[in-house]
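What follows draws every value from the coordinates through simple rules; no lab data is involved. In this text the structure is predicted, and so the values were computed from the model without any measurement. Here the Cβ positions follow ideal geometry from the backbone for every residue, glycine too, while neighbour counts run over all protein chains shown.
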Amino acid sequence: MITKLAWKNIWFKPLNTVLSVFLLTSSVAIITTLILVEKQFEEKFSSNIENVDLVLGAQGSPLQLILSSVYQVDTPPGNISYDSAKVWMNHPFVEKAIPLAFGDNYRGYKILGTTTDYLAKYNAKVIDGVLFEKNFEVVVGSEIAKKLNLQVGEEFFGSHGDAEEGEVHENYAYKVVGIASKTGKVVDNLIICTIPTVWQMHHQHKEKPPHGEEGHVHEPDEHEHVEADLTIDEPNMEITAVLLKIRNQMAKLTWQRVIPQNTKMQAVSPAFEVNRLFGLFGIGVTALQYLAYGIMMISGISIFIALYTTLKERESEFALLRVNGARRFQLLKIVMMESLLLCVVGFVFGSILGRVALSMLSNASEADFKMSFDPYTFLWQKEGVLLVVTLLVGCIAALIPAIKAYNLNISKTLANA
Amino acid sequence: MISTKNIRFSYNKEQEFIFPDLYCEAGSTLLITGDSGKGKTTYLHILAGLLSPTSGEINIAATDIVSLSEKRTDRFRGKNIGVVFQKSYFIAALTVLENLEMASWLATGKKHTKRAKKLLAQLDIDNQASKLPSQLSIGQQQRVSIARALINEPKVLLADEPTSSLDDKNAEKVMELLTSLSKEYKAALLIVTHDSRIKEKFINKITLV
């Protein structure tokens, strides 16, 4: 009954209520979105670098190398010679080496030449069909298969480079032989084939003027024969990067120095680069968080003002409740309840709005970076803390008006009215 | 029934009110009159347990309410004392019926919707039940106040200038309702007033000097 009265009271002055709820909603929405994005962003970034100690690639920006070769979101800094990379790949310190050759794209989804180890690294299994074996056989990531409705046995032509509008390679068609299971990692948004596939696809390009694009694999060799399939043992070929898992702890550090000094390549630690990226990213997140808590404080003040100013006109109402048998404490409860109800409403709306914003953000980042966020996850701990903070704001805002209601002199109020 | 003994009260040291003892049987009516500043409203607030007297006894249904704690007084008042004020107070956000239900819930923990509807019908305002109090005329509002004062079937019904803001016709109607309903519900009716329209009609009178 007290709750019902409080509920009716807050909607009796809809303008005040709407303002307070609106402010609370915006602050909760911002914080919810930040919490979810930060968590999922970090999860995505961290899960993708599991088992990758070093990335071997062309010299240039280390972050660019990591973003391109691990997360597939940037263009690679350049190509490296497969022959010289092999020297390091076969080094006894290396536990596992996964070579990557960037090829074309199909409707904006990257076609990546690699080995089957790449799928194994992400725990992606072929749920439909088989693994690629021959050139031009591809395994399609689960997201792509779903979005483009690709099925085993289908064939398609790739477009050159990483732009969807790139020139279509019509010499060879890719054939889907398998669909990968869902992993929640980058592999879901990749089309995977053998490295010689990428080489062979571009074999004929020599007659045309060079593209000059970075990260695009061209073999420098002047072969004219296209009949025979290229194999992984083809000499003088280029790849884009190598993901290395290193046995020797020291090598993880020394190679980062030794490799750029002695070769045209660099070795970069993804963990280090990702931490650097989070550091940059973190400043923005912190600033937004301060802003959101600022808005929450303003909403607390708005609740306080609303309660405090209406207190005067509601004094007789409170006195009446006391005449009808309400105890002092019940008046305190009404005022507190009004504030807390506003906070709960604001929190619920904010949580929903935050998720709506996240799903919109997810659609945008899906299109641009092939990175999606799940708006339906609940981070009970962090969001629980947010709820407690919101309710605390409500309590503090209502404290003085509630105490005033508690201390109301009924006789005086009724006599002076 | 209600009776008082040696009630004294003071707001400050210079002025002390000494109120005459009074006695009112269930179902009968007592008028408390007097000029402004003689403490009519103060006496009524003391009788309602809204103010504590410095000394004296107030017996309502064999309970001395002066000796009760504040919490118990609130409870006792809700159950046993109905008050009608000069101006009608309502919970603005609740409808007429909800106002009555709230009054009964605060005192007894039950809503007593049936009794509320019956009272509204007796007061001829049952068609206004789902309106907000602010949408009613002053005469109608005063009738709702009477209904609210009677909802818990109190032992004592206190009325503070119930007719002063009403026109003759409404004043007469309100007085008639107050007296007949307090008889029906067996409540002792105490009316504080300086309204000459009422004074003539009652024999039981106390004048504060």
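See the values below:
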{"item": "Per DSSP, loop trypsin sites (Lys or Arg not before Pro) in segment A:1-68 with at most 16 further Cβ within 10 Å", "result": "none"}
{"item": "log10 of Debye I(q)/I(0), alpha-carbon scatterers only, for chain A at 0.12 Å⁻¹", "result": "-0.93"}
{"item": "Cα-based equivalent ellipsoid, segment A:316-417: semi-axes from gyration tensor eigenvalues, Å", "result": "45, 12, 9"}
{"item": "Two-decimal ratio, segment A:1-63, of alpha-carbon radius of gyration to 2.2 N^0.38 Å", "result": "2.22"}
{"item": "For chain B, calculated [θ]222 nm from helices alone, where every DSSP H run of n ≥ 4 adds -39500 (n - 2.57)", "result": "-11000 deg cm²/dmol"}
{"item": "Point-to-point label distance, A:TYR293-B:ARG197, nm (Cα→Cβ direction, 7 Å offset)", "result": "6.4 nm"}
{"item": "When segment B:112-206 is reduced to its Cα atoms, the Kirkwood hydrodynamic radius in Å", "result": "13.8 Å"}
{"item": "Whole-angstrom Cα spans of segment B:2-208 along principal axes, big to small", "result": "49, 38, 30"}
{"item": "Number of partner chain Cβ atoms within 10 Å, mean per residue of A:313-323", "result": "6"}
{"item": "Bridge type composition, chain B - antiparallel percent by DSSP, nearest 5", "result": "40 percent"}
{"item": "Rg over Rh [alpha-carbon atoms, Kirkwood Rh] for segment A:54-268", "result": "0.95"}
{"item": "Residues B:THR63, A:THR33, B:THR73 arranged by fewest to most Cβ contacts within 10 Å", "result": "B:THR63, B:THR73, A:THR33"}
{"item": "Mean Cα-pair separation over length for chain A, i.e. relative contact order, pairs under 8 Å, 6 or more apart, %", "result": "27 percent"}
{"item": "Inter-chain Cβ neighbour average for residues B:43-50, partner chain, 10 Å", "result": "3"}
{"item": "Antiparallel DSSP beta bridges within chain A, as percent of all bridges there, nearest 5", "result": "75 percent"}
{"item": "Packing-based order for A:272-285, B:158-171, A:53-66, A:235-248, using average beta carbon neighbours within 10 Å, highest first", "result": "A:53-66, A:235-248, B:158-171, A:272-285"}
{"item": "GluC sites (Glu not before Pro) restricted to DSSP loop in segment B:135-209 with at most 11 other C-beta within 10 Å", "result": "B:GLU200"}
{"item": "Percent RCO, i.e. relative contact order, over segment A:54-268, from Cα pairs under 8 Å lying at least 6 residues apart", "result": "33 percent"}
{"item": "Extension reserve of the A:TRP7-A:HIS91 stretch, reckoned as 0.36 nm per residue once the Cα distance is removed", "result": "23.1 nm"}
{"item": "Inter-chain Cβ neighbour average for residues B:73-81, partner chain, 10 Å", "result": "4"}
{"item": "Residue exposure sequence - A:THR231, A:THR17 - by fewest surrounding Cβ within 10 Å", "result": "A:THR231, A:THR17"}
{"item": "Degrees, to the nearest 10: A:380-406 long Cα axis against longest axis of chain A", "result": "20 degrees"}
{"item": "Separation of alpha-carbon centers, segment A:347-394 and segment B:53-112, rounded to whole Å", "result": "48 Å"}
